[in-house]
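Colleague: Mind looking over this structure? Questions follow.
The values are calculated or read from the model by the stated rules, or taken from the named source; none is laboratory data. Everything numeric here is computed off the predicted structure, so don't read it as measured data. Ideal geometry is used to build each Cβ from the backbone, glycine not excepted, and the neighbour counts take in all protein chains shown.
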Amino acid sequence: MKPYAFGIDIGGTTVKCGFFNNDGTFVEKWEIPTRKENKGERILPDIADSIREKLAKHGVSMDDVEGIGVGVPGPVLDDGVVNGCVNLGWGVFNVKETLSGLLGGIRVSAGNDANVAALGEQWLGGGKGFSNVVMVTLGTGVGGGIIVGGRILAGAHGAGGEIGHILMNENETECCGCGKKGCLEQYASATGIVRMAKITLSDNEKPSKLRSLAEVTSKDIFDLAKAGDETAVELVEKLGKMLGTALAHITCVVDPDVIVVGGGVSKAGQILIDTIQKYYVPAAFHACRATQFKLAELGNDAGMYGAVRMVLY
Ligand SMILES: [Zn+2]
């Protein structure tokens, strides 16, 4: 294997770039802005320019680079075709071939950003030492990634690991961002728990410190739950029940070694894991009840680690 590789995590506002040694340690990491104008046509050329610049800076030849892994915020098929990417303005095209063409034919591998972050956590984070990992990322939405035998399960349509859109409540009247009603992320994301808080606070008159806040955040809810606020505890329980139940459905199918929980909401820490497990265990198939739960460890770098891992097998 060649001594270097790149792991690139393309986001809606910035592109996180990692120049790695082939053991997964950073030579350097940096960010460039994501230029989304003109259907995002500059995004890949900007990445290619930035990579060339860093190689020159460190005096490394392209011949010493094993490849470039790229995480993209949309569905990606195994052959590198991006199946539309609203956040970047991209339509359907082959990101792998395009970026490779911009850099003299170098090997490029591409995956969905949530799947790629899961691969990063499986390799060097919360899932280290295990080859079968389910990762759930609780941020604005609920992202997910499934790693089986150390490989991303991208699926036939690039939608493998879309845990956030499992139907959890067929009586829901509000729409999810995906257009369906009753998806997991309407309850179990940072926005989901805040949405539930607004409903709960207007449905009853129970005293709660949440009422005194101008703008409730998921962090407020978890902090107040830790302090014993009854309404906040109820909200955390609701989130835990939704997640625990959804994860019990998933382990029936995937049976992973470990479930890694990441994203902004996971900063709440052990209370989150404990509440998910409280509902997971009774809902799980008996053989999967002992599945381990761990917090993610790589934070915002998980995408870069996972991206580079795709070319460092
Ligand atoms: Zn949905």
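Colleague: So which helices (runs of 4 or more DSSP H) stay within region 162-246 end to end and still have 1 or more residues that are more than 16 Å from the ligand (Cβ to nearest atom) and in contact with a Ser or Thr (Cβ under 7 Å, 6 or more places away or on another chain)?
Modeller: 190-203
Colleague: Now a separate question. Just give me the residues in region 158-185 being over 16 Å from the mean Cα position of the chain (by Cα) and closer than 29 Å to Val133 by Cα, in sequence order.
Modeller: Of the residues in region 158-185, the ones over 16 Å from the mean Cα position of the chain (by Cα) are 167-183.
Passing the criteria: Leu167, Met168, Asn169, Glu170, Cys176, Gly177, Cys178, Gly179, Lys180, Lys181, Gly182, Cys183.
Colleague: Just for strands (runs of 3 or more DSSP E) wholly inside region 85-142: which have at least 3 residues that are crowded, with 23+ Cβ neighbours inside 10 Å? Full working, then the answer.
Modeller: Working: elements: 90-94, 108-112, 133-138.
So the answer is 108-112, 133-138.
Colleague: Would region 55-76 turn up any residue that is over 26 Å from Ile147 (Cα atoms), at pLDDT below 95 and hydroxyl-bearing (Ser, Thr, Tyr)?
Modeller: no
A quick yes/no check of all residues on (1) assigned by TED's automatic domain parsing to the domain that holds Arg107; (2) surrounded by fewer than 16 Cβ atoms within 10 Å (Cβ to Cβ); (3) in contact with a Pro (Cβ under 6 Å, 6 or more places away or on another chain); (4) not acidic (Asp, Glu):
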{"position": "Asp223", "(1), (2), (3), (4)": "no, yes, no, no"}
{"position": "Glu237", "(1), (2), (3), (4)": "no, yes, no, no"}
{"position": "Thr245", "(1), (2), (3), (4)": "no, no, no, yes"}
{"position": "Gly269", "(1), (2), (3), (4)": "no, yes, no, yes"}
{"position": "Cys288", "(1), (2), (3), (4)": "no, no, no, yes"}
